[in-house]
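The values are calculated or read from the model by the stated rules, or taken from the named source; none is laboratory data. All values reported here derive from a predicted model rather than from experimental measurement. Every residue, glycine among them, receives a Cβ derived from its backbone with ideal geometry; neighbour counts consider all protein chains shown. These area figures cover heavy atoms from the full protein model, side chains too; ligands, DNA and RNA do not enter into them. Shrake-Rupley method; radii C 1.70, N 1.55, O 1.52, S 1.80 Å.
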Amino acid sequence: MVVVAVAWGSCFPLLDWGVRGGSPLWFVTWRALVAGLALLCVVAVSSRRRADHRVRLPVQTWSLVGVLAVLNVATAFAAMAESLTASVTTGVASVLGNAQALLVVLPAWWLFGERPKAAEMVGVAVGIGGLMLVATPAGAGGGVWLALLAAASVAAGTLLARRLAVVDVLVL
């Protein structure tokens, strides 16, 4: 978990470094391509390989995959990178951009009937209060909203991915 937390937490500082002197959208495009190629290499050497590598899915599933790609890659990466060019510090952007856990609880209750426990609701309320404490001094500028858009995109993608649970996502 420590490795995941460090990797996830370093996202905005690394984005800040990457977008210096260049286009944020080009940087996130290359970031997505490199990550995709790395996953392709993992699949190539994975024990999950099958004799038939073609992925046969219904059109509706491919539509969901397309929406998931737009949410988790295009919108989230672009909003993350652009939030840093809109006068928000990397610390504020990191906190706001990683708020997706708070943004999943209530929609999961509505969409999937996963009623949160009282302690979870208290945690969400405290978390949202903490976000307000972080965001308020930063102002209500575009960077704050872009960081929250990145979090909302990842949260929506997380909820959508539940509908794709039958698909081998690594191979896909």
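Brief remarks follow.
- Residue in region 27-45 that is exposed (fewer than 14 other Cβ atoms within 10 Å of the Cβ), among the hydroxyl-bearing types (Ser, Thr, Tyr) and out of contact with any Pro (no Cβ under 6 Å at 6 or more places or on another chain) present: no
- Criterion: within 30 Å of VAL42 (Cα to Cα), of a type outside the set (S, T, N, Q) and in a helix (DSSP H, G or I) - qualifying residue of VAL154, VAL124: VAL154
- Qualifying residue in region 128-139 (condition: at pLDDT 80 or above, part of a loop (DSSP other than H, G, I, E, B) and either open to solvent by 40 Å² or more (accessible area, probe 1.4 Å) or at negative phi (or both)): no
- Taking every residue in region 1-26 that is among the hydroxyl-bearing types (Ser, Thr, Tyr) and pairing it with any residue that is part of a helix (DSSP H, G or I) and modelled with pLDDT under 80, at least 6 positions away or on another chain, yields no pair with a Cβ-Cβ distance below 6 Å.
- TRP109 vs. criteria more than 16 Å from TRP8 (Cα to Cα), touching a Lys or Arg at 6+ places or on another chain (Cβ under 7 Å), open to solvent by 30 Å² or more (accessible area, probe 1.4 Å) and not charged (D, E, K, R): yes
- The lone criterion from (1) in contact with a Lys or Arg (Cβ under 9 Å, 6 or more places away or on another chain); (2) surrounded by 15 or more Cβ atoms within 10 Å (Cβ to Cβ) left unmet by ASP168 is number (2).
- When region 112-121 is limited to residues that are in a helix (DSSP H, G or I) and not aliphatic (A, V, I, L, M), the one that is least open to solvent (accessible area, probe 1.4 Å) turns out to be PHE112.
- Considering (1) out of contact with any helix residue (DSSP H, G or I) (no Cβ under 8 Å at 6 or more places or on another chain); (2) open to solvent by less than 40 Å² (accessible area, probe 1.4 Å); (3) modelled with pLDDT of 85 or more, the lone condition that ALA69 does not fulfil carries the number (2).
- Failed item, numbered, when PHE12 is tested on (1) open to solvent by 50 Å² or more (accessible area, probe 1.4 Å); (2) at pLDDT below 85; (3) closer than 24 Å to ALA147 by Cβ: (1)
- Considering region 83-105, the residues that are in a helix (DSSP H, G or I) and more than 14 Å from ALA151 (Cβ to Cβ) include one that is most open to solvent (accessible area, probe 1.4 Å), namely THR85.
- As for region 156-164, it holds at least one residue that is open to solvent by less than 60 Å² (accessible area, probe 1.4 Å), within 22 Å of PRO24 (Cα to Cα), in contact with a helix residue (DSSP H, G or I) (Cβ under 6 Å, 6 or more places away or on another chain) and touching a residue at least 24 places away in the same chain (Cβ under 8 Å).
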